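Asker: Let me begin by handing over the structure; questions about it come next.
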Amino acid sequence: DAGVTQSPTHLIKTRGQHVTLRCSPISGHKSVSWYQQVLGQGPQFIFQYYEKEERGRGNFPDRFSARQFPNYSSELNVNALLLGDSALYLCASSLELQTYNEQFFGPGTRLTVL
Amino acid sequence: AQKITQTQPGMFVQEKEAVTLDCTYDTSDQSYGLFWYKQPSSGEMIFLIYQGSYDEQNATEGRYSLNFQKARKSANLVISASQLGDSAMYFCAMRGVSGYSTLTFGKGTMLLVSP
């Protein structure tokens, strides 16, 4: 079975633009989480979605939004991009909302904001 | 709030030797989980090992073992018989009951394995 997939792998945008990142979880996994990893830091939690509903949100501005589709895939949207949004965006999937010992990550989307 | 502290920015080890990567944590949750991930330069986070707070025995997965000392709130990763392919960033993370399956990460430790 395929692992978590993300698209695109790399993206270059300019300040003020909008970006959409996509994630497909492992087959059968219902929960998707998004993380932002800036250079030199560990990943920071942005959102968790389960059964198309937002179940958790990290300390990020309203410019960040996400949604989950009936097939459990997910999109992360960022509006009015800032230079500081340049980061690796990681998607992780787990079987259920409260899966305690498994969270598998995708390869990430590297976003550069110029 | 949960916090993970990794105090070693970088570690060097020779091939075939063992190495310990330090991790301390802070949480008010009674039930929690501790994870270690490996991140090579490609960026993907690779799951290595998991320890539940109520697990009585230390977790092991092949060459990886987790030295869990609950009273000291530490969860150190031990890699035995290091290989060149172990060179990567290593992150300690934790999940608490209140955070469902979301993770709080430390800043990471860069491990370099030399021949």
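Asker: Any idea which of B:Gln2, B:Gly106, B:Ala75 is furthest toward the positive side of the dipole for chain B, if Lys and Arg beta-carbons carry +1 and Asp and Glu beta-carbons -1?
Answerer: About the Cα centre, the residue reaching furthest to the positive side is B:Gln2.
Asker: Rolling a 1.4 angstrom probe over the protein heavy atoms, how many square angstrom per residue are accessible across the protein assembly as shown? The partial results should precede the final answer.
Answerer: Numbers: 10920 Å² over 229 residues.
I get 48 Å² per residue for the protein assembly as shown.
Asker: Can you give the longest stretch of chain A with no exposed loop site, where a site means trypsin sites (Lys or Arg not before Pro) in a DSSP loop (not H, G, I, E or B) with at most 14 other C-beta atoms within 10 Å? If you can, show how the numbers build up before the last one.
Answerer: Working: sites that count: A:Arg15, A:Lys52, A:Arg63.
Maximal segment without exposed cleavage sites: A:64-114.
Asker: Would you mind telling me the share, in percent, of accessible area of chain A contributed by carbon and sulfur at probe 1.4 angstrom? Write down the numbers at each step before the final one.
Answerer: Details: 2700 of 5400 Å².
Here carbon and sulfur together make up 50 percent of the probe-accessible area.
Asker: Right, here's the next one. Which residues' amide hydrogens lie under 5 Å from the amide hydrogen of A:Arg55, considering only partners 5 or more residues apart or on another chain, with H built in the peptide plane?
Answerer: Those qualifying (amide H under 5 Å, at least 5 residues apart or on another chain) are A:Gln48, A:Tyr49, A:Tyr50.
Asker: Starting at the first residue of segment B:28-35, write each ³J(HN,Hα) from the Karplus equation 6.51 cos²θ - 1.76 cosθ + 1.60 with θ = phi - 60°, in whole Hz, x for Gly and Pro.
Answerer: In residue order, the calculated couplings are 9, 6, 7, 10, 7, x, 10, 10 Hz.
Asker: Which whole-Hz couplings ³J(HN,Hα) result when phi for each residue of segment B:71-78 is put into the Karplus expression 6.51 cos²θ - 1.76 cosθ + 1.60, θ = phi - 60°, listed in order with x for Gly and Pro?
Answerer: 5, 8, 6, 10, 8, 7, 8, 10
Asker: I would also like to ask the following. In whole Å, what are the extents of segment B:12-115 along the principal axes defined by its C-alpha atoms, from largest to smallest?
Answerer: Here the spans come out as 43, 28, 20 Å, largest first.
Asker: With r as the distance between the Cβ atoms of B:Gln8 and B:Tyr54 and R0 = 30 Å, compute the FRET efficiency 1/(1 + (r/R0)^6) and round to 0.05. If you can, show how the numbers build up before the last one.
Answerer: Values: r = 28 Å, r/R0 = 0.92.
So, using R0 = 30 Å, E works out to roughly 0.65.
Asker: Pop out a list of residues from segment B:21-62 that are at least 20 Å² less accessible with all the protein chains around than in their chain alone; 1.4 Å probe, no ligands or nucleic acids counted.
Answerer: Flagged in segment B:21-62: B:Phe35, B:Tyr37, B:Gln39, B:Gly43, B:Glu44, B:Met45, B:Phe47, B:Tyr50.
Asker: Right, here's the next one. When the scattering of chain A is computed by the Debye formula from its Cα atoms alone, each counted once and equally, what is log10 I(q)/I(0) at q = 0.09, 0.10, 0.17, 0.18 Å⁻¹?
Answerer: Taking Cα atoms of chain A as identical point scatterers yields -0.21, -0.26, -0.75, -0.84.
Asker: Cα convex hull of the protein assembly as shown: how many Å³ per residue?
Answerer: Output value, Cα hull per residue: 123 Å³.
Asker: While we're looking at this one, here's another question. Once phi is turned into ³J(HN,Hα) by the Karplus curve 6.51 cos²θ - 1.76 cosθ + 1.60 with θ = phi - 60°, what whole-Hz value does each residue of segment A:15-24 show in order, with x for glycine and proline?
Answerer: 3, x, 6, 10, 9, 10, 10, 10, 9, 10
Asker: Roll a 1.4 angstrom probe over the protein heavy atoms and tell me the percent of accessible area of segment B:42-115 that is carbon or sulfur. Mind dumping the intermediate values first?
Answerer: Values: 1690 of 3330 Å².
That fraction is 51 percent.
Asker: While we're on this one: Can you list, largest first and rounded to whole Å, the semi-axes you get for segment B:19-61 by taking the square root of 5 times each eigenvalue of its Cα gyration tensor?
Answerer: Listed largest to smallest, the semi-axes of segment B:19-61 are 22, 13, 11 Å.
Asker: Now, a different point. Can you give the accessible area buried between chains A and B, summed over both chains, with a 1.4 Å probe, in Å² to the nearest 100?
Answerer: Summed over both sides, the interface buries about 1800 Å².
Asker: I'd like the GluC sites (Glu not before Pro) in segment B:6-70 restricted to DSSP loop residues with at most 14 other Cβ atoms within 10 Å, sorted by number.
Answerer: B:Glu15, B:Glu17, B:Glu56
The values are calculated or read from the model by the stated rules, or taken from the named source; none is laboratory data. Since the model is a prediction, treat every value here as computed from it, not as a measurement. All Cβ positions, glycine included, derive from the backbone under ideal geometry; neighbour counts span all protein chains shown. These area figures cover heavy atoms from the full protein model, side chains too; ligands, DNA and RNA do not enter into them. Shrake-Rupley method; radii C 1.70, N 1.55, O 1.52, S 1.80 Å.
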